[in-house]
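For reference, the structure is listed below as structure tokens.
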Amino acid sequence: MSNRKIIIGSRGSDLALWQAHFVEGQLQKLGHEVEINIIKTQGDKIQHLSFDKMEGKGFFTKEIEESLLQETIDLAIHSHKDLETTNPEGLAVAAVSYRENPSELILIRKEAVDASQPFKFKKGAVVGTSSARRKVQLLHQRNDIALKDIRGNVPTRIQKLRDGQFDAIMLAYAGVKRLEIDLSEFEAVVLDPKDFIPAPAQGVLGLQIRESDTELAEILQQLNHPEVQQTTVLEREVLRLFQGGCQLPLGSYAEKQGEEFHLWAAMADTWDAPLREVKLTGTDPKALATEAVEALKKK
């Protein structure tokens with residue numbers, strides 16, 4: 001196959017650029033020339049609203065997807081959890097990356113630590129998160145806390161914690177790990193994804209292309225992780241069946257052992273409604289997702 005030049009579209013945040021450079025490195029090892037184009041998205045421009053108050057879906061992906069369709073870029077690299085569960089007409093996720101640790105991370109200011117409490121922050125703590133899914137699971141175990149919306153990229157959020165705007169904040173561990181941020185000034189609590197359920201496909205990169213670009217699809221197969229693809233497809237199918245986007249308080253997490261899939265899912269109707277949880281095992285991912293959704297709706 002001829003080595004072609006591949007233009008990657010990326011958001012400009014530290015983490016998005018880490019993701020773009022990571023894939024760039026893999027493609028260069030295969031002998032391809034790569035260029036990275038930075039694209040500003042609606043999610044980058046609107047910093048004053050929390051995700052659950054923003055209109056529509058795909059805040060961090062829409063402009064990049066439009067660039068793909070307009071052929072100004074060839075490849076979009078997304079945090080897979082930010083992607084719509086159905087691709088826009090003409091686009092497809094051709095490959096997924098390895099999975100970084102999918103856990104949630106709580107960072108706590110040292111003076112706000114209380115190791116006797118769930119999640120290790122003190123009673124009445126001010127906790128920063130804009131995710132409805134995180135809010136509902138936090139409140140499920142700690143209804144004494146004050147939740148406060150937080151926006152901005154990973155370093156910005158950590159700076160807000162450092163500045164004392166919050167006692168604790170919640171982030172995806174994957175992003176902090178990839179950016180190799182020094183967390184020594186905080187108490188860092190990594191939560192088991194089976195207990196505190198992450199966003200579908202958390203820790204995974206989705207590599208999106210034009211469906212018509214069969215040459216690039218073939219190249220990307222060399223970077224694909226089939227088992228990660230199977231578990232993330234299952235997690236995202238739960239979300240798709242609920243027709244949810246970033247605003248739906250839904251977590252789903254899957255692992256594969258031998259032929260069996262284990263699925264943990266948790267959701268609520270709104271961030272301040274009661275949490276419903278299920279754990280299921282099966283060999284057919286599609287059937288398992290359907291079973292999970294029916295069980296959650298019944299609860």
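The values are calculated or read from the model by the stated rules, or taken from the named source; none is laboratory data. Since this is a predicted model, take the numbers as computed values, not measurements. Note: ideal-geometry Cβ built from the backbone for every residue, glycine included; neighbour counts use all protein chains shown.
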field: Meets criteria (more than 24 Å from Lys62 (Cα to Cα), of a type outside the set (Gly, Ala, Ser), without any contact (Cβ under 8 Å) to a residue 60 or more places away in the chain and assigned to a strand (DSSP E or B)) for Lys256
entry: yes
task: Could you tell me whether any residue of region 232-245 is part of a loop (DSSP other than H, G, I, E, B) and either within 13 Å of the chain's Cα centre (by Cα) or basic (Lys, Arg) (or both)?
output: yes
- prompt: Taking the stated definitions as given, is Ile108 farther than 30 Å from Glu218 by Cβ, of a type in the set (Val, Ile, Thr) and either surrounded by fewer than 21 Cβ atoms within 10 Å (Cβ to Cβ) or in contact (Cβ under 8 Å) with a residue 60 or more places away in the chain (or both)?
  reply: yes
- line: Matching residues in region 212-237 (out of contact with any helix residue (DSSP H, G or I) (no Cβ under 7 Å at 6 or more places or on another chain) and more than 20 Å from Glu259 (Cα to Cα)) number 11
message: Kindly evaluate Thr270 against the criterion of being of a type in the set (Val, Ile, Thr) and at pLDDT below 95.
response: yes
query: Which residue pairs have Cβ atoms closer than 7 Å, lie 6 or more positions apart in sequence or on different chains, and pair a first residue in region 225-237 that is farther than 21 Å from Val23 by Cα and free of Cβ contacts under 8 Å to residues at least 60 places away in the same chain with a second residue that is among the hydroxyl-bearing types (Ser, Thr, Tyr) and surrounded by 24 or more Cβ atoms within 10 Å (Cβ to Cβ)?
result: Glu235/Ser252; Glu235/Tyr253
statement: For region 1-35 the number of residues that are of a type outside the set (D, E, K, R), surrounded by fewer than 21 Cβ atoms within 10 Å (Cβ to Cβ) and in contact with a His (Cβ under 8 Å, 6 or more places away or on another chain) is 1
message: Can you find, within region 188-216, the residue that is farthest from Arg142 (Cα to Cα) among those that are surrounded by fewer than 17 Cβ atoms within 10 Å (Cβ to Cβ) and not hydroxyl-bearing (Ser, Thr, Tyr)?
response: Glu215
- line: Only one of (1) surrounded by fewer than 17 Cβ atoms within 10 Å (Cβ to Cβ); (2) in contact (Cβ under 8 Å) with a residue 40 or more places away in the chain; (3) in a helix (DSSP H, G or I) does not apply to Thr270, and that is (3)
- prompt: For region 168-187, what are the residues that are surrounded by fewer than 15 Cβ atoms within 10 Å (Cβ to Cβ) and either under 15 Å from the mean Cα position of the chain (by Cα) or in contact (Cβ under 8 Å) with a residue 60 or more places away in the chain (or both)?
  reply: Leu183, Glu185
- line: Out of (1) closer than 20 Å to Trp18 by Cβ; (2) surrounded by 23 or more Cβ atoms within 10 Å (Cβ to Cβ), the one Gln159 does not meet is (2)
- prompt: Pairs, please: C-beta under 6 Å, at least 6 apart or cross-chain, first residue of a type in the set (Lys, Arg) and in region 200-215, second buried (at least 19 other Cβ atoms within 10 Å of the Cβ)?
  reply: Arg210/Leu68
field: Among the residues listed as Gln165, Gln159, the single one being assigned to a loop (DSSP other than H, G, I, E, B), modelled with pLDDT of 95 or more and more than 22 Å from Ser252 (Cα to Cα)
entry: Gln165
